[in-house]
Structure formats: structure tokens, C-alpha cells
Amino acid sequence: MIIRQWVQRLSGLNPNLRRCYYAIYPVFPGIAATSIVLVIFLFGGWQSFERFAYTLLFKARETLPHASWDSRIAVIAIDEASLKQYGRFPWSRRYYTQLLETLQPAQPAAIGFDILFAETTEQDQAFATAMETSGNVVLAIAADDQGHQISLVPAFASVARQGHVYHRPDADGITRQSQLYLNQFPSLGVAMLQVYTESIQNTVGSDRQTLPSVIPLPTPIPDLAEQSIWLNWIQPVQNVPTYSFADVIQGKVDAAQFTNKLVLVGTSATGVDPLRTPLNYNPPTAGIYKHAAVIDNLLNHRDLQPLPKPVVILLLFSLGILTNALIAKRGPIGRVGVLTGLSIAWAIAALTLFCLYHQWLPIATPLATIILTGVGMELREHREKLRLMDLFSKYVAPETAKLLWKQKDNILEDGHLNAHEQIATVLFMDIRGFTSISETFTPRDLLNWLNRYLETMTDCIMDHGGVIDKYIGDAIMAVFGVPIPHTIQAEIQQDAVNAIAASIAMHNQLQRLNRQLAAEGKPLIQFGIGIHTGMVIAGSVGGARRMNYSVLGDVVNIAARLEALNKNVVEENPYHLLITGETLSCLGDRYAVKPAGTIQLRGRQQPTTFFAVMGEKLEPRSPEQLS
């Protein structure tokens, strides 16, 4: 009200000011809230909250299926058992020489020592000779408290690479970043990957076929003192393959465990080099695992990618305006629901991008923007709020909203998907002998076994553009060509092709799943698939309280009948897949098929011939391709 009165006083001097005010007035709470949040953001006021959110993202991901540490990484730890065996640290360098001699037959890809070798000893020459023989050793270098680099033993500098081990945790003690380069000098992890990449490039012979492609590493940026990445702590560090130093050199660990591996050697004894991560905070872990995280992230391109500041600013303004628009038409209860829903949606989006794409979205600042926008809206004068709500209600009456939605998207009408006739391809599949198999399981184990199968098959169907119509116990009904009706012949044919491709993919994935089940001592799965193409009725089925989108018609019945016929067509039916002539006519010359029999279907005067799919035909190649 005060701002409005102030603008009204100035409007006599400048009428444009009044028009500008009323132009932004509807979204003013969102703009104001975003401005406040941004000022705090630019001065680092949300940093501690974002750090807390960073930790929560990792803990939330631990409850979901996620990736594991890269299997090419191994840690040889100077642990409590090794200290008990060989005495207090630092050790004689003859132990490191023995380690390299032990690892030499296994040919690790790179060996990195997170240990400073600054003092000259009598065992240096033997250690240097062992490093030169290995040809893949990286030694740590560091600086003292005054920032002066601690010199490496001269005999080592010419036979080993060097990488810095600079470590700077955040104010709460957690290490979230790692410096890849300091004044163009690589870190220990980067130097090891450089050695690893060179090892791949220089490998010849039969082993070359089993090695991965060369890893593109980040290069130092000129004139940039520090070049960092945000660490993606994949799991607790206890899951990194770790071996006791003493066990390795005493031959208790098979040296073949380290073949083609990036081997990190460092202390893990309590209190020597503490490191705190979001998943290893109390007690802390050892600093050697920071280098393991760097190597893992760069090997798999999964270091965290925070949003640039300009993108964050644009995002916050958009979120503030969106929040403002969504709550402007609602009362207090509706606003609370929207604010809660937006906050949850943002948190889910942040977690999804974090888990799947390693994107780190800010959480504290967007949630603050959403909440402050809601608070700002509620702080408006009650009279003005009622006037605005009354105004908006005239423009967004329920009937008008339905009409606009109907015109925008012809699929929806009155909350239902329109019923329409169209040509689609229906797929039916079922497990053979499911009843007998189910008797061998407990209910819980049966459900887990079945869900693994259904999830695998569903992925294949959806990856090829199919829609799961329903699960019927162990059976799946899927449709290709809905809910958007396909009227062009090429699209209808493609639906049939997609159904066949999905079926072959399901067959291949079932072989992989069966290998896993066999290894676990569980019953194997066999299925049958029937596919038919024809006219269906697609739309919403059900009542007001429970609805389902489905397709109806003889096409469904025919596909189900074909699926059952797989029990009789065993030979020359490699994919346990039967199709009708209508589906075959849509495939062109892409798949090889063989007549498998005929059946008299109810409602049809002529017997229906069905075919077994033998596989995809090989495309002819030109002489240039053959050469």
C-alpha cells in the first residue's frame, strides 16, 4: 500500500511511472523475493545452506540404485596392520621398492604414491631403479605452510611423474572440490590418468582390443592459478577396492588384481591424513581417497557440474515469476499447496539431475525464492488481494480453462482421453509355465523375480516407442501407435517395425537375465509373444474414481491368441514370436519370416495364417563397404 501511494503521488510528474508500476504489479512479489534472494546469493549468504543441501543429495542418492566406483581403481593402504608389521611411519624406502617389484608382473596402468619423498636415504637408488623399470609411477609433491614447494629427491624426479596433493576442505570440513591444476601443474590424479592414457596409446597386440578408448583429460587453462572440479562421491570410500600394503608385498593378495589398474598407494591409518566427505564425515576417512574420486570422476565424465552464476540468476527470476503466477489465483490453502508442491518438485528435479546427469542444481536459493514469493504475496493488503483474485477468476473460469486446454491439445476432453478409432499394433506376451514356477517361490521372492522380468521387458518396449497397456499377472499387453493416432501409412508401418524390434530386444535381454538367474540358482524364464496390427478403439476406460487408458477390439484378442500358439510352434521359432499377415505387410523386406500355421479365428471366414519371425535381414553392402 505504501509503495502504491508513493507511485500515485509521483504519477502526476511522470505518468509513465504509473503505467510501469501497474505493468509489473501482478508479478511484483516474485520479482521482489528473487531480488532479495539474489543479493544474499551474490554475497555468499546461502553458501552454508547449499553445502548442507549438497550433503543431503549424496545421502539421498545412497537410498536409490546408483553407480559404483570405477573398477579400474585400486588402493594399496598403509593401514594399521601394515604399521604393526613394519613399524611407525615414515618407512624405509626398501618397502616401496618391494611393492613395485611385486606389482611389476601384473603391469598396472599407473601407480601413484600419495607419500612425500623429500629426504634423501640410502635406499633411494634401488627405489629409483624400480620406478624406472615400472615406467608408470607418479610421485606426490606438496608445499609447506608458507607455500614453498617441498623438493622431491633429485634421483626420483627423472624417473617418475609428479602430481600435487594440495587439499583444501570447505569451512565445514568436507572436501567438495579438488584442484586439477595449480599454476598449470597437474594433481596426482590427473598425472596418473596422463600415464594411463599414454599406456593405452602405446599398447599394441591382442591386449589393445580389450582396453578402453583414450580418455580426454581436461587441459590446463593459461593464466588460471587454480583449475578445479566439484567431486562426485559415488559411494562411501569403503567400497573402493582397498588392499593392505603388508598383504600385497607378502603375496597374500594376487598381483593379478592390479593388472591395468590405476593403483594408489598411501596411508589410511587413523589421523594421519584425514578427509571428510558427505558420506564419510564422522569418523573421517583418508586423503588417498580424494585422488580416487578425481580419477573416477574424470574416467567416467561424472564430476559434478554446477550451474553458472548467470544461469542461476535467470533461473531464480523465472522461478520467482512462475511461483507468483501459480499462486496468484489461489487462496491461502491453495498457495500452501502450490508452494509445497513446487518445493518438492524442485527437490525431486535436483535429485534426478544429480543422480542421472551429475548436474548440481542449487537448492537453498530456489526454495528461498519460492517461500519468499509466497510470503510476499500474503503480505499484500487484503483488499487488493481480493480484487486481484476476483479479477483473475473472471479470466480463468473452469469452463474457459477446459476450452483452452481442449483447443491446445485435442487429445484431452473433460479429463478423459478421447475415444477414437485408429490402426495400431498390439503385442501380447506371457511367461511359459508360470503357475508351476510360482509354486517354487515364497510370495516375496516370486514378486521380486517377476518384477525383475517385467522391468527388463518394459524397458525394451518403451525404448522402442511402445505403451504398456496393462500387466495381467505375468503377462504384458503393449500397444504401438497410441495415444497420438497415426494416420500416415509410413507411421503405421513403423509402429509394426518397432513392435518386432522391441520383441527381439526382449529376447536378447531375457538371455542376459536368464544368465543372472541361473547364477543365482533361480528358475529361468521362457515367454511367447503374439503381435497383430489392425483397427482398435483407444480411449479412457473406467469410472470417476478409477480410470485406465486402453485399447479395445479384435486386434487385442488375435494378438492374445497368437501368443498362446507359441506353445505349439517350438521349432523354427527362435524368438518365440508369432505375427499375422497384417503385421507382416507392414514390415516390408526388413525381417525374415516363415509360415508357422493357420488358425480359424471367430468372426473371420478365411483361416488366418501366422508367421514366425526368424530375424532381421542383413542389408546388402556395396563393394566399397565389403573392402
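Read-outs throughout are calculated quantities, based only on the coordinates presented, and are distinct from any laboratory measurement. Nothing here was measured: the structure is a model prediction, and the numbers come from that model. No Cβ is skipped: glycine too gets one built from the backbone with ideal geometry, and neighbour counts run over all protein chains shown.
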With a 27 Å threshold on alpha-carbon distance, the violating pairs from LYS59/LYS84; LYS59/LYS329; LYS59/LYS522; LYS252/LYS522; LYS84/LYS252 are LYS59/LYS84; LYS59/LYS329; LYS59/LYS522; LYS252/LYS522
Per-residue Cβ contact counts at 10 Å, fewest first, order VAL27, VAL570 as VAL570, VAL27
The range 513-605, convex hull of Cα, quarter of hull surface, nm² -> 9.7
Non-local residues with an amide H under 5 Å from the amide H of THR608, with H modelled 1.01 Å from N and Pro and chain starts lacking one, are ILE599, GLN600, LEU601
Computed over all unlike Cα pairs, the Kirkwood hydrodynamic radius of the range 454-500 in Å stands at 11.2
Along principal axes, largest first, the alpha-carbon spread of the range 565-605 in whole Å comes out as 30, 25, 11
With the range 73-301 reduced to its Cα atoms and the Debye formula applied, log10 I(q)/I(0) at q = 0.13 1/Å amounts to -0.76
DSSP beta bridges in the range 412-616: the antiparallel percent, rounded to 5, is 95
Going residue by residue through the range 349-361, the Karplus relation 6.51 cos²θ - 1.76 cosθ + 1.60 with θ = phi - 60° gives ³J(HN,Hα) values, rounded to whole Hz and with x marking Gly or Pro, of 4, 4, 5, 5, 5, 5, 6, 8, 10, 6, 8, 10, 8
per DSSP, antiparallel bridges as share of beta bridges in the range 73-301, % nearest 5, sits at 30
Here the alpha-carbon Rg of the range 412-616 over 2.2 N^0.38 Å rounds to 1.04
One finds the C-alpha centres of the range 235-256 and the range 500-528 to be spaced, in Å, by 35
Cα extents of the range 56-127 along the principal axes, largest first, in whole Å, come to 52, 28, 23
Quick shape summary for the range 441-549, equivalent ellipsoid via Cα gyration tensor, semi-axes whole Å in descending order, reads 29, 19, 9
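Taking each pair of distinct Cα atoms in the range 198-346 once, what is the resulting Kirkwood hydrodynamic radius in Å?
Roughly 20.5 Å, rounded to one decimal.
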Fewest-first ordering of LEU262, LEU56 by Cβ atoms within 10 Å yields LEU56, LEU262
Any residue on another chain or 5+ positions along whose placed amide H is under 5 Å from the amide H of GLN162 is listed here as LEU139
